[in-house]
Amino acid sequence: MIIGTAGHVDHGKTALVKALTGVDTDRLAEEKRRGITIDLGYAYTDEFGFVDVPGHERFVHTMLAGASGIDIGLLVVALTEGIRPQTREHLQILSLLGIEAGVVALTKADLAADRVAEVSTDLRRLLAETSLSDAPMIPVSALTGAGIDELRRALRAADLPPRSPSGYARLAVDRAFTLTGAGLVVTGTLVAGRVAVEDRLVLSPSGLELRVRGLHAQNKPAAEALAGQRVALNITGPRLSKESIRRGDWVVHPAIHAPTAALDVRLSLLADAAPLRQDAEVHLHLGAAHVMGRVSMLDHDRLAPGDSALARLTLREPIGGLARDRFVLRDTGATRTIGGGTVLDPFPPRRGRRTPQRLAQLPPLEHGDAAGALRGLLAEPPHWTDAAAFLRARNVPEPDHAGLVEAVPARAIGGLLLAPALFDRLRDAAVAALAAHHRTSPELPGLQAERLRMALPDRLPPAGFGGVLQALVQEKTVAQDGPWFRLPQHQVSLSAQDQRIWSAARPLLEAERFRPPRMRDLAQHMNVAERDMRATLKRLQRMGQLVEVAPDHFFLRDVVAEMAAVAADVAAAEGVVTAAAFRDRLDNGRKVAIQILEFFDRSGVTVRTGDTRRVRPERLLLFGAPPGR
């Protein structure tokens, strides 16, 4: 149970924690000298872990760093003063962070026992509209010990929020220091997953790799820590130092290291805040991080006090936020808390943020359950989403992917998650498009993937559509011949004359596959009229057997695929493709090598700059997979 103190400066938070645990959480010399808490303090018993936060208005940002990982709020109000400004602000912060369990300690009862009824009444009125409306209120004195046992029992009886160790590890770093003989140590609350000794993790957003040498959970040596615990990690890494770590970093599993500088959120403005204008500058607090950002309302032009809106937060620097993270906003001058909310999409699209389609996609993401969120998202156009981004945003570990897809249900294809109805619609549309093509062009082998994709009303990204096509091939709805897709019953046949010419020409093309005879030479060798030879070769090109690399110079299609792979090999070895290196690999003469490279330029397989070329990997399979690869 992680308990966070909250309350106005000098209301006795630190003294109360000491009375409960025997630990003085003020560890800094300046804190001792001034008699106030400046930085976060920690104290532990066998059943409780306390995060003691500053109460001074100047250190609210520090309070926020400590409050982000707590289970229970211990609201501390001195009977001598009653409700004060930071009483209100800290209470607002607890609500914005979704902390629903709490206990109220009425401190300094030895000095103002007669004010218990009055202060309790005021507090009940203040708490009435919050999650702490029914929280027990216990008068205590840290000096005499009165009420401490009762407070301990109330904390013990508080309802803990459920904490699941599922998901990849995420630890919000709130402190880093070095220990003699141990080295570098980071502390924080493990908000998800589990961490074990020898785990290899990543410091985010910097991306520095690290290894866990040892750990303490709840201030005790342990082999493993689970979500919800206060954790100290003794870490090492080739580029790690105390200076490379700052409060607000995350220690995470590599699979969810994905810093982001834009968040789509559900934002609520406090009732006593000023109206929030479009593109307002704010201070964002998420986890232990504190960064500047700008608010752009998506479904409002201006946000009134007490209202909520969908919004885009654009940050000055990237942070490690994920979906369902709670955040708090403070005004430009960092003088008061103005609102907060929940991250819906930590990896939002750059364009179209206010389109009706995008605005319809965000409310389903407010669902707390990953399956429910995905189900609602796929019910909205375009009925698919990027699988890696969604699963990372929701911190769904790889072993749980299949179960999530089955529970929704969804189809995981080509890097996308699709609604089953969309897959069925794509299947029907692809069959209809191919049937229409076969009717109008029966002599052609079918359609290539990109042309078929563009013919369908539901347009997936190319990689996703490629996955759909492969699924259709596997279920035998569609057949594939090299780069062409056709209906299984569609067959292209040659005339008797074309078949005779092709039977004689093919061995000649295969014999010199990188420098095949030209059309005229084939015609002469076979004693065939040039117009008949050209017509047959053109027909074979439309059928996908040949590729016309230069006028009247035809290559076998699988040879063209092989030559594209050779160009990629040359680029991998030398950084770029030169005509000389390509010629040497094919041994076919400079003129023919240049013609082939110019054909690759026109086809988009290569991009020429001066006398060199680079290969576009995404276009390498334009002519099919090379033989034997």
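Only the coordinates and a few stated rules stand behind these numbers; no lab work does. Values in this document were obtained by computation on a predicted structure and should not be read as measured data. Don't worry about glycine lacking a Cβ; one is built from the backbone with ideal geometry, like all the others, and counts go over all protein chains shown.
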Which one, (1) 3, 15, 26, 29, 18, 6, 2, 0; (2) 3, 15, 24, 25, 18, 10, 4, 1, 0; (3) 3, 13, 18, 18, 14, 11, 9, 7, 4, 2, 1, 0, gives P(r) over Cα pairs in 10 Å bins from 0, in percent as derived from the coordinates shown?
-> (3)
Spatial separation of Cα centroids for the stretch 565-621 and the stretch 319-382, in angstrom = 46 Å
Give the angle, between 0 and 90 degrees and rounded to the nearest 10, that separates the Cα long axis of helix 462-474 from the longest principal axis of the Cα atoms of the chain.
-> 70 degrees
Out of residues 5 or more away from Ala280 or on other chains, whose amide H comes under 5 Å of its own, with H placed 1.01 Å from N in the peptide plane?
-> Val295
Expressed as a whole number of Å, what is the distance separating the alpha-carbon centroids of the stretch 448-488 and the stretch 509-533?
-> 34 Å
Low-density loop cleavage sites - GluC sites (Glu not before Pro) in the stretch 150-258, where at most 14 other Cβ are within 10 Å (DSSP) | Glu198
Rounded to whole Hz and in sequence order, give me ³J(HN,Hα) for the stretch 547-561 from the Karplus expression 6.51 cos²θ - 1.76 cosθ + 1.60, θ = phi - 60°, writing x for Gly and Pro.
-> 10, 8, 6, 9, x, 6, 10, 9, 10, 4, 4, 5, 6, 5, 4
Helix 85-96 versus the longest principal axis of the chain: what is the Cα-based angle in degrees, 0 to 90, to the nearest 10?
-> 40 degrees
What ranking of Lys220, Lys476 emerges when the number of other C-beta atoms within 10 Å of each C-beta is taken as an exposure proxy, fewest first?
-> Lys476, Lys220
Taking Lys13 as the anchor, which lysines have their alpha carbon closer than 23 Å to its alpha carbon, excluding any fewer than eight residues away along the same chain?
-> Lys32, Lys108
Relative contact order of the chain (C-alpha contacts under 8 Å, at least 6 apart) in percent is 7 percent
With x for Gly and Pro, the residue-by-residue ³J(HN,Hα) of the stretch 387-395, computed from phi through the Karplus equation 6.51 cos²θ - 1.76 cosθ + 1.60 at θ = phi - 60° and given in whole Hz, is 5, 4, 5, 5, 5, 5, 4, 8, 6
